[in-house]
Amino acid sequence: MSIELGHFSLILAFAIAAVSALGGLVLWQRGDRLAMVLRQASVLQFVLVAVAFLALVQAFVVSDFSLALAANNSHSLKPLIFKISGVWGNHEGSMVLWILILVLFGALVAAFGRRLPSDLSNLVLGTQSLLTAAFAGFTLFTSNPFERLTQPPLEGADLNPVLQDIGLAIHPPLLYAGYVGFSICFSFAIAALVSGRIDQAWARWVRPWTMLSWIFLTLGIAMGSYWAYYELGWGGWWFWDPVENASFMPWLAGTALLHSALVMEKRNALKIWTVFLSIITFSLSLLGTFLVRSGILTSVHTFASDPTRGLVILSMLAILIGGAFLLFALRSSSLRQGGLFAPISREGALILNNLFLATAVGAVLVGTLYPLVLDALTGTTISVGAPFFNLTFGALMAPLLLVLPFGPLLPWKRADLVAAGQRLIGMAALAIFLTILISALGGVSISLAPLGLLLGFWVTFGALAEVIERARIGRIPARESLRRLIGLPRSIWSTALGHLGLGLTVLGVVSVSAWETEIVTTLNPGESTELSGYIIAFDSFDQVAGPNYVADTGRFTVTAPGGRTAQLDAERRTYVASGMPTTEAAIQSYGLSQLYLQLGEPLDDTHVIRVWHKPYILLIWLGALVMAGAGVLSLTDRRLRVGAPQPSRKAVPKAAE
């Protein structure tokens, strides 16, 4: 009965969304009464989709294999957490999760956007309902998650073993929250183009939603990266996989949108560019949806799907994205430009930031789509791999990292570049000193590693320059400096922490790329090997039974250079239901570095052992956490969290007629 209730709830949500979209986009000038109705409809859509989603969760938890989705993606022996995560570990269930997050963001706008002008609110909620109707309709008519089986099996087919991991229980919801969150920016952009209301208040309404989505996407990408690192057994954290690129492109565009919206909010400039970025960021999120579900890619990240569904998604994208860009082309010429500023200014620095980020998006997009387009048009199969992306992306990011510390030190409208440079001399000297010291002590096998270290230290230390400057550290008594630090606006701290996190990630990438060591050997129990001063002793080999798998487990004792010992278990699991094997690497952290050990397949009477030493690799994910934390801190700043003052009775003039 709960399955039918969930199915009916999703159908009802689809109908309400369709009607709301029609009302919001056609009758948007009807004022406060329509705004109240659309807010209530948005909340109701969320309640209905939540009922549908919970119906799927309940079927997976109780192992109701009369539901085809549960029969194909679950098993009664699975741990509870993986039964629940199995709901979105497939195409149909993940679409329901996507719609749930979509209507959640719409409900949040309805709840917290009461200060929005009624016409803008109607257009935003109408556009959001249009997206909900499109994806709910796609799910119901091509990917029905509530399909019943007339003869249910006694046991389910189980979920793909590599997805039965806590990382994959967390990664998709975070990633989808980032993807779908940018739909709010898209809806605001459509509303602005239709109504002509594009001003500083509009930027203040958009920026918190952009920041929230960017935080979730940052965490989702970081979680997916770490999952690939420890679960797939390859010892790598980024492979420039097309689906990885599909999540990275919206992140780059969203980062540019954050900075562009800041210029618009502070100086009422870059209006057209900010609206364009709002559209393109969500468009890239939709592109990722197409790539994952179209069947044109073969990847552990994709859902096996009927190509017909891919054509339907492609048609949806053509209508939604094409319609948005058509509206942009028709309306952008009528929008007034904002304030003027000198090239050397904070606005100029942020524009330069956008230039490099937008170009990086284009480079990744070309490298991702070119092989697919070439194959479709000519049948020629080529591979665009890490060498291309590392070269092009690295060449674009290096100058961006070089100028990054200057931005926060430049005043608005007009600035003195020499004065800003003088305040960064100490940071530059410290970065150069540490780079020379580390390169001399550690040895460098990659010629570009010192440059990467220098840029990483430069961004890390430069991020603190504005904080040090404002607190006048070293120039006034320590007590007074501390008082100034405590009194700094949260926006200053969030900017510093965001750039600091990026610098830490760069340092982690460079360190592990330059100084990673690896050994592949064969060992029997009782034997040992050595890598980078670590002694790895193979203690024993046993078979262990898990809840829904059996595992060949190798037990190892690792002795660090300082004498510290640690016990590690590396496994090769075989899942009972599917018979599929997986590799569970053993990982031991030593500060910010890690020793990574993989148990390979038996070779005659011995076992293949692969060991990596990955220096300072945790800086990669620590930097991502710091960046996300900076975003959270920014949202707590009341000046950025509150959208706009209470509207007065006086009519608000439109930006253009």
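Here are some notes:
- Among the conditions (1) surrounded by 22 or more Cβ atoms within 10 Å (Cβ to Cβ); (2) assigned to a helix (DSSP H, G or I), L140 misses just one, which is (1).
- The condition (being under 30 Å from V626 (Cβ atoms) and modelled with pLDDT under 90) is satisfied by just one residue among V510, V444, V506, V459: V444.
- Filtered residue count, the range 548-562, keeping only those that are at pLDDT below 90 and loosely packed, with under 15 Cβ neighbours inside 10 Å: 1
- Considering the range 143-171, the residues that are in a helix (DSSP H, G or I) and β-branched (V, I, T) include one that is farthest from L104 (Cα to Cα), namely V162.
- Of L504, L482, L497, L430, all but one fail to be part of a helix (DSSP H, G or I) and under 30 Å from V611 (Cα atoms); the exception is L504.
- Listed conditions (1) out of contact with any helix residue (DSSP H, G or I) (no Cβ under 6 Å at 6 or more places or on another chain); (2) surrounded by 14 or more Cβ atoms within 10 Å (Cβ to Cβ); (3) not polar (S, T, N, Q) are all met by L391, apart from (2).
- Across the range 45-70, the number of residues qualifying as surrounded by 19 or more Cβ atoms within 10 Å (Cβ to Cβ) and in contact with a Lys or Arg (Cβ under 7 Å, 6 or more places away or on another chain) comes to 2.
- In the range 527-545, the count of residues that are within 28 Å of L80 (Cβ to Cβ), exposed (fewer than 15 other Cβ atoms within 10 Å of the Cβ), among the charged types (D, E, K, R) and in contact with a strand residue (DSSP E or B) (Cβ under 9 Å, 6 or more places away or on another chain) is one or more.
- Residue tally, condition among the charged types (D, E, K, R) and either part of a helix (DSSP H, G or I) or in contact with an Asp or Glu (Cβ under 9 Å, 6 or more places away or on another chain) (or both), over the range 235-259: 1
- The residue list G86, G106, G93 contains one member that is at pLDDT 90 or above, within 21 Å of the chain's Cα centre (by Cα) and closer than 20 Å to A324 by Cα, which is G106.
- Screening the candidates A157, A191, A203 for the property of being modelled with pLDDT under 95 and in the same structural domain as R309 (by TED's automatic domain parsing) yields one hit, A203.
- Residue match in the range 217-239 (condition: modelled with pLDDT of 95 or more and among the polar types (S, T, N, Q)): yes
- Selected residue (only one of Q58, Q29 is in a helix (DSSP H, G or I) and under 19 Å from L125 (Cα atoms)): Q29
- The range 279-307 residues that are more than 27 Å from L257 (Cα to Cα) and not assigned by TED's automatic domain parsing to the domain that holds V87, paired with ones that are of a type in the set (D, E) and modelled with pLDDT under 80 (beta carbon under 9 Å, 6 or more apart): G295/D306; I296/D375
- Residue match in the range 437-454 (condition: outside any helix (DSSP H, G or I), free of Cβ contacts under 8 Å to residues at least 60 places away in the same chain and in contact with a helix residue (DSSP H, G or I) (Cβ under 6 Å, 6 or more places away or on another chain)): no
- Within the range 608-623, considering residues that are in contact with a Phe, Trp or Tyr (Cβ under 9 Å, 6 or more places away or on another chain) and outside any loop (DSSP other than H, G, I, E, B), the one surrounded by the most Cβ atoms within 10 Å (Cβ to Cβ): K614
- One residue alone among N122, N90, N72 is closer than 16 Å to Q40 by Cβ and touching a residue at least 60 places away in the same chain (Cβ under 8 Å), and that residue is N122.
- Qualifying residue in the range 204-219 (condition: over 16 Å from W273 (Cα atoms), in contact with a Ser or Thr (Cβ under 8 Å, 6 or more places away or on another chain) and of a type in the set (A, V, I, L, M)): yes
- Selection from the range 325-383 of residues that are closer than 26 Å to P399 by Cβ, in a helix (DSSP H, G or I) and among the polar types (S, T, N, Q): N353, N354, T359, T368
- F146 over 20 Å from L175 (Cα atoms) and either free of Cβ contacts under 8 Å to residues at least 24 places away in the same chain or surrounded by fewer than 24 Cβ atoms within 10 Å (Cβ to Cβ) (or both): no
- Selection of the range 105-121 for residues being surrounded by 18 or more Cβ atoms within 10 Å (Cβ to Cβ) and under 24 Å from F135 (Cα atoms) yields F105, G106, A107, V109, A110, G113, L120, S121.
The values are calculated or read from the model by the stated rules, or taken from the named source; none is laboratory data. These numbers come from a predicted model, not from an experiment. Here the Cβ is made from the backbone with ideal geometry for all residues, glycine too, and neighbour counts use every protein chain on show.
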